[in-house]
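Notes to accompany the following structure.
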Amino acid sequence: MVPKRWARRAVTRNTIKRQIYTVSQGFAARLPLAAHVVRLRTGFDRKQFISATSEHLKLAVRLELEQLFERASRPEVVA
């Protein structure tokens, strides 16, 4: 689920969802088998990303997702 406050247009929200699915498949082997909730930190303003399906938007989403999944896939250090 991608809320409207992060991306106003449905086509942008759908593009973000497809990026989540694509990036998560690359990290599937490194993540525990469970349901995962992805919470992006960045809003995707219509003024900055004029085209909802632009490569610029896809790259911005993909970079943030890779950082989040990388952090989630690291083993926790127990002290």
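The values are calculated or read from the model by the stated rules, or taken from the named source; none is laboratory data. Note that this is a predicted model, so its numbers are computed, not measured. We place every Cβ from the backbone using ideal geometry, glycine too, and count neighbours over all the protein chains shown.
A few comments on the model shown:
- Leading residue by the ranking (nearest to Ser54 (Cα to Cα)) among those in the range 1-31 that are of a type in the set (Phe, Trp, Tyr) and surrounded by 12 or more Cβ atoms within 10 Å (Cβ to Cβ): Trp6
- Condition met for Arg62 (surrounded by 14 or more Cβ atoms within 10 Å (Cβ to Cβ) and not hydrophobic (A, V, I, L, M, F, W, C)): yes
- Selected residue (criterion: nearest to Ser73 (Cα to Cα)) from residues of the range 32-45 that are surrounded by 10 or more Cβ atoms within 10 Å (Cβ to Cβ) and more than 10 Å from the chain's Cα centre (by Cα): His36
- Near pairs, Cβ below 8 angstrom, 6+ apart or cross-chain, from the range 59-72 (under 12 Å from Gln19 (Cβ atoms)) to any residue that is exposed (fewer than 15 other Cβ atoms within 10 Å of the Cβ) and at pLDDT 90 or above: Arg62/Thr22; Phe69/Gly26
- The set of residues in the range 34-64 that are among the hydrophobic types (A, V, I, L, M, F, W, C) and assigned to a loop (DSSP other than H, G, I, E, B) comprises Ala34, Ala35, Val37, Val38, Leu40, Phe44, Phe49, Ile50, Ala52.
- Hits in the range 50-79 (condition: of a type in the set (Asp, Glu), within 17 Å of the chain's Cα centre (by Cα) and within 22 Å of Val37 (Cβ to Cβ)): Glu64, Glu66, Glu70
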